[in-house]
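Computed from the coordinates by the stated procedures, all read-outs in this text should not be read as laboratory data. From a predicted model like this one, the values you see are computed outputs, not experimental measurements. We place every Cβ from the backbone using ideal geometry, glycine too, and count neighbours over all the protein chains shown.
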Amino acid sequence: MLNIQIFGIKKCSDTRKAERFFKERGINFQFRDLEEMGIAKGELENIRRSIPLDDLLDKESKQFKKRNLSYMVFNTEEELLGDPLLFKTPIVRNGKISTIGYAPHIWNEWIKK
């Protein structure tokens, strides 16, 4: 049984591709728009079990550049919790397993199980 959550931004093409991937296969998922609501600390802890914290931070994003974070020393977890637009998207979670970005090869493995 799949329990899919997609954390992303509606404007993100990879997020839209992830949604389409699961829709085309008839798999229900919960979508969380990071522009409306961020990720709770407990959710971030679950995601961190699969993805290192530094990999979640999108250092190429407009938000990262706008906030001049490349010139600052900061706590990555605090910044991500405080500003969800700093996450790489989409984050796709299946129970305790998570992926980042468009990863259909991994999602297909979840479906096969």
- prompt: Considering amide H positions built from the backbone, and no H for Pro or chain starts, which residues 5 or more places from F31, or on another chain, come under 5 Å of its amide H?
  reply: I6
Positive minus negative residues near Y102 (Lys, Arg vs Asp, Glu; Cβ under 12 Å): +2
query: By count of other Cβ within 10 Å, fewest leading, how are V92, V73 ordered?
result: V73, V92
- prompt: To the nearest 500 deg cm²/dmol, what mean residue ellipticity at 222 nm is calculated for the chain from DSSP H runs of n ≥ 4 alone, each contributing -39,500 (n - 2.57), summed and divided by the residues?
  reply: -10500 deg cm²/dmol
field: Ranked S70, S98, criterion: other C-beta atoms within 10 Å, fewest first
entry: S70, S98
query: Can you list the aspartates and glutamates whose alpha carbon is less than 20 Å from that of K41, not counting same-chain residues fewer than 8 positions off?
result: D33, D54, D55, D58, E77, E78, E79, D83
message: Among DSSP bridges having both ends in the chain, what percentage is antiparallel? Round to the nearest 5.
response: 65
query: With +1 on each Lys and Arg Cβ and -1 on each Asp and Glu Cβ, how big is the dipole of segment 48-102 about its Cα centre, in debye rounded to the nearest 20?
result: 180
query: Taking K and R as +1 and D and E as -1, what net charge do the other residues with C-beta under 12 Å from the C-beta of I47 add up to?
result: +3
task: Give the cross-link partners of K23 among the lysines, using a straight C-alpha distance below 17 Å as the criterion and excluding same-chain residues fewer than 8 apart.
output: K10, K112
message: Please report the spacing between the Cα centers of segment 29-57 and segment 75-113 in Å, no decimals.
response: 6
query: Once you mark the GluC sites (Glu not before Pro) that are in a DSSP loop and have at most 13 other Cβ atoms within 10 Å, what is the longest gap between them in the chain?
result: 61-113
task: Answer with one residue from L57, G42, Y102: the one whose Cα lies farthest towards the positive end of the charge dipole of segment 35-113, charges on Cβ with Lys, Arg +1 and Asp, Glu -1.
output: Y102
query: Tally Lys and Arg at +1 and Asp and Glu at -1 over the other residues with C-beta under 15 Å from the C-beta of S70: what net charge comes out?
result: 0
